[in-house]
Amino acid sequence: MVKINCLVFLVVTFSTGLFAQEKDSIVNPKGKIYFGIEIGNNTINSYEFNESKTSFQGGLVAEYYFARHWSVSGRIKYYKIGASFSDDGSSIDFAGKTTYNTGRFRGEAIAIPLDIKWEFRLYKNFAGFLKLGYALSIETKSEYSNYSPAITENFPNYNHNLFTGYGLNYFINEKDAVFISVEYFIGGNKGKQNGLNIFDDGRKYLTNTLVNLGYKRCFF
């Protein structure tokens, strides 16, 4: 359903933009600041069992183009986070279990992502992009259960995240643009299992995939 909605979103905005622009008008955003909003789907990848993994996420965007194809942006986003794990790989129902490293975490967070983005033109004002960034997330809700032993006091209520992303951007005119993006976040540690190999330290990191649909505008 999300993929279908994304496709409809792009088709409508692309068609509207072509109608609104002059035939050969190419937007150069260098030196401009855009403010916008983005909403979309959040998938929690760090659940191992049958928890509900998808939810709504959204945020506000400020983006500055310091070159024709390069920009930096800052955002404020809300999304859910979570993790579950068990050393023996069985169900998360811990009744009667003696496994040492187990746990389930559910939470919500406000994040401040900062990133650098490279855009590459596909056709006129229609471009693809790649991005790389860092985000600090502060937990507004933290629920720990089934931890063995009870070590939740060792976990901070903030997390450092690294993320990558890619997407499409379309300038409707000099001031307005729409975009779609997919981002992969990896954040704080919420437990430890036995490592699968010598390169795996066994830590259970929070991981999320965010799909964003957005609109941004330059007011100056």
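What list of ³J(HN,Hα) couplings, whole Hz, do you get for segment 157-170 from phi and the Karplus terms 6.51, -1.76, 1.60, once you set θ to phi - 60° and write x for glycine and proline?
9, 9, 9, 9, 10, 10, 8, 10, x, 8, x, 10, 10, 9
Given a 1.4 Å probe and every protein chain left where it sits, what share in percent of the accessible area of segment 24-64 is carbon and sulfur?
Working: 1170 of 2030 Å².
The value for segment 24-64 is 57 percent carbon and sulfur by accessible area.
Would you list which lysines come within 20 Å of residue 175, measuring only between C-alpha atoms, while excluding same-chain residues fewer than 8 positions from it?
Of all the lysines, those that pass the test against residue 175 - Cα under 20 Å, at least 8 places apart if same chain - are 23, 30, 32, 117, 124, 216.
The values are calculated or read from the model by the stated rules, or taken from the named source; none is laboratory data. All of these numbers come straight from a predicted model, not from anything done at the bench. For the accessible areas, the whole protein counts, side chains as well, though only heavy atoms, and no ligand, DNA or RNA atoms are used. Shrake-Rupley method; radii C 1.70, N 1.55, O 1.52, S 1.80 Å.
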